[in-house]
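The values are calculated or read from the model by the stated rules, or taken from the named source; none is laboratory data. What you are looking at is a predicted structure, and each value in this text was computed from that prediction instead of being measured. Note that each Cβ is placed from the backbone with ideal geometry, even for glycine, and that neighbours are counted across all protein chains shown.
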Amino acid sequence: MSESDLAAPIEGHCDPRFARVREVFAERVPKHEVGASIAFTLNGESVVDLWGGYKDKAHTEVWDRDTIANTYSTTKGMTALIAHRLVEQGMIDLDSPVAEYWPEFAAEGKQDVPVRWLLSHQVGLPAIRETLPSETFYDWDAMCAALAATEPWWTPGTRHGYHPVTYGFLVGEVIRRVSGKTVGQLFREDVAEPLGADFHIGLPESEHGRVSDMIGSIAPPKTDATTESGKPAIRIKGPMADFMRDMADPSTMVGAAFNNPRIRSGAHNTTEWRNAEIPAANGHGNARALARIYGALACGGEVDGVRLLDPDSITRARTEQVSGPDATLASMPMRYGLGYMLRSDFMPLSPNESAFGHPGAGGSIGMADPETGVGFGFVMNKMSQGLVGGPTGFAVLKAFFEAL
């Protein structure tokens, strides 16, 4: 029996105008996912809210309305939102040195690095140089102390390179220093609870029973692997091959960015991972929550009487800071705002230039399009190869905007 024969029905609602979105989702879940949810809001109103498939690889637990999953770097957009709220409140100045809020950060020539370079991936700290034991990953103070003591991998401000894990500790520590609260606390109090958005940075154990395990890993395939038939796999050449080689070697900058501290196999399905606050990588939620939050940002920052940001703050957040070859991600042509990835041909969030958001490893994604008032979320449990979104999320986005 094939996986498609075991496909759970697609549930939820879909405005008839976007029937093709439901069709694409229903086609892709049994073939390319195990379980997933998608959601769109239009001018603050829910128009698509669908889920289907299974919570587990064995297809024994159906993915239901309240299933949530780890979203990896899609979490970064939520962390950026908290930072921008504090900027708006006058508690953080983007052009002030990080060391003004976090004095220890001044070490190794970083005394003049402005806060904005943390959000735009320009600070030169995608990885910690000192090799750290795995358990350090869950020790906030130890991670921040190690980052403060690290010499940048390039002169800050001269390049941009994605900070896959360190971003959350860097931005999160500034947030903690100025507010006295963690990212997860502020997100829960100021965003999730007021909006009724089922997204968490640091998941209470009472909610662990709703979480779908992640299936697979973000580790790239070996370039010399063979297929199930025994034939050699297609060899990957060029910058991507170099990236995959370096990613597996923690002595390189790229390898350390993803593997220092080394994340143990299966860690993302553990109680320890779910309990922790890792603001770049371990947000747990569903598509409905992402669409509601990004839907507010797509509508001037407010929905149902709850204001997240003022329009000027949203414009600042999505204003391009850097673009071009990424020093961490195999020279991929990335465009960054302040904590958000921006729309490009490489990152087709929307047909409209104003779109911004953040994807996560394996395929999850959240997006706001201020030009059309669209908010979007996609969450899944099967890891697809790729660090900047996955094929299902982009397929349903394409179908939605074609219908729109």
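Across the stretch 24-51, the qualifying residues are those that are in contact with a helix residue (DSSP H, G or I) (Cβ under 8 Å, 6 or more places away or on another chain) and of a type in the set (D, E, K, R), and the one among them that is surrounded by the fewest Cβ atoms within 10 Å (Cβ to Cβ) is 31.
For the stretch 349-381, a tally of residues being modelled with pLDDT of 95 or more, on the phi > 0 side of the Ramachandran plot and out of contact with any helix residue (DSSP H, G or I) (no Cβ under 9 Å at 6 or more places or on another chain) returns 0. Quick check on residue 372: is it part of a loop (DSSP other than H, G, I, E, B) and in contact (Cβ under 8 Å) with a residue 60 or more places away in the chain? So residue 372 fits the description; yes. Would you mind finding the one in 93, 141 that is farther than 30 Å from residue 302 by Cα, of a type in the set (Asp, Glu) and modelled with pLDDT of 95 or more? Only one candidate passes the filter, namely 141. Among 384, 344, which is the only one that is out of contact with any helix residue (DSSP H, G or I) (no Cβ under 9 Å at 6 or more places or on another chain), surrounded by fewer than 24 Cβ atoms within 10 Å (Cβ to Cβ) and among the small types (Gly, Ala, Ser)? Within the list 384, 344, the selection yields 344. In the stretch 315-324, the residue that is farthest from residue 367 (Cα to Cα) out of those that are in contact (Cβ under 8 Å) with a residue 60 or more places away in the chain and in a helix (DSSP H, G or I) is 316.
If you check 36, 26 for being of a type in the set (Gly, Ala, Ser), in a helix (DSSP H, G or I) and either at pLDDT 95 or above or farther than 20 Å from residue 198 by Cα (or both), only one passes: 26. Scan the stretch 328-348 and tell me whether some residue there is in a helix (DSSP H, G or I), in contact with a Gly (Cβ under 9 Å, 6 or more places away or on another chain) and under 17 Å from residue 85 (Cβ atoms). Looking through the stretch 328-348, none of the residues is in a helix (DSSP H, G or I), in contact with a Gly (Cβ under 9 Å, 6 or more places away or on another chain) and under 17 Å from residue 85 (Cβ atoms).
Would you say residue 372 is more than 26 Å from residue 157 (Cα to Cα) and surrounded by fewer than 24 Cβ atoms within 10 Å (Cβ to Cβ)? Judged against the criteria, residue 372 is a match. Tell me, please, whether a residue that is within 16 Å of residue 79 (Cβ to Cβ) and either buried (at least 17 other Cβ atoms within 10 Å of the Cβ) or within 21 Å of the chain's Cα centre (by Cα) (or both) can be found in the stretch 130-141. The answer is yes, given that some residue of the stretch 130-141 is within 16 Å of residue 79 (Cβ to Cβ) and either buried (at least 17 other Cβ atoms within 10 Å of the Cβ) or within 21 Å of the chain's Cα centre (by Cα) (or both). Would you be able to tell me the number of residues in the stretch 65-92 that are over 21 Å from residue 337 (Cβ atoms) and touching a helix residue (DSSP H, G or I) at 6+ places or on another chain (Cβ under 8 Å)? Residues meeting the conditions: 4. Those helices (runs of 4 or more DSSP H) of the stretch 66-141 in which 2 or more residues are without any contact (Cβ under 8 Å) to a residue 60 or more places away in the chain occupy 98-101, 116-119. Restricted to helices (runs of 4 or more DSSP H) entirely inside the stretch 202-303, those with at least 3 residues that are at pLDDT below 85 and over 22 Å from residue 137 (Cβ atoms) are 239-247.
What do you reckon, is residue 95 within 30 Å of residue 10 (Cα to Cα) and in contact with a helix residue (DSSP H, G or I) (Cβ under 9 Å, 6 or more places away or on another chain)? No, not satisfied. Kindly indicate whether any position in the stretch 349-356 is buried (at least 22 other Cβ atoms within 10 Å of the Cβ) and out of contact with any Asp or Glu (no Cβ under 9 Å at 6 or more places or on another chain). Checking the stretch 349-356: not a single residue is buried (at least 22 other Cβ atoms within 10 Å of the Cβ) and out of contact with any Asp or Glu (no Cβ under 9 Å at 6 or more places or on another chain). Of the listed requirements (1) at pLDDT 95 or above; (2) closer than 25 Å to residue 158 by Cβ, residue 312 misses just one: (2). Among residues of the stretch 52-73 being within 22 Å of residue 209 (Cβ to Cβ) and under 19 Å from the mean Cα position of the chain (by Cα), the one that is surrounded by the fewest Cβ atoms within 10 Å (Cβ to Cβ) is 67. Considering only residues of the stretch 315-343 that are of a type in the set (Gly, Ala, Ser) and at pLDDT below 95, which is farthest from residue 165 (Cα to Cα)? Among residues in the stretch 315-343 that are of a type in the set (Gly, Ala, Ser) and at pLDDT below 95, the one farthest from residue 165 (Cα to Cα) is 331. Checking each residue in the stretch 244-295 for being acidic (Asp, Glu) and touching a residue at least 12 places away in the same chain (Cβ under 8 Å) picks out 272, 277.
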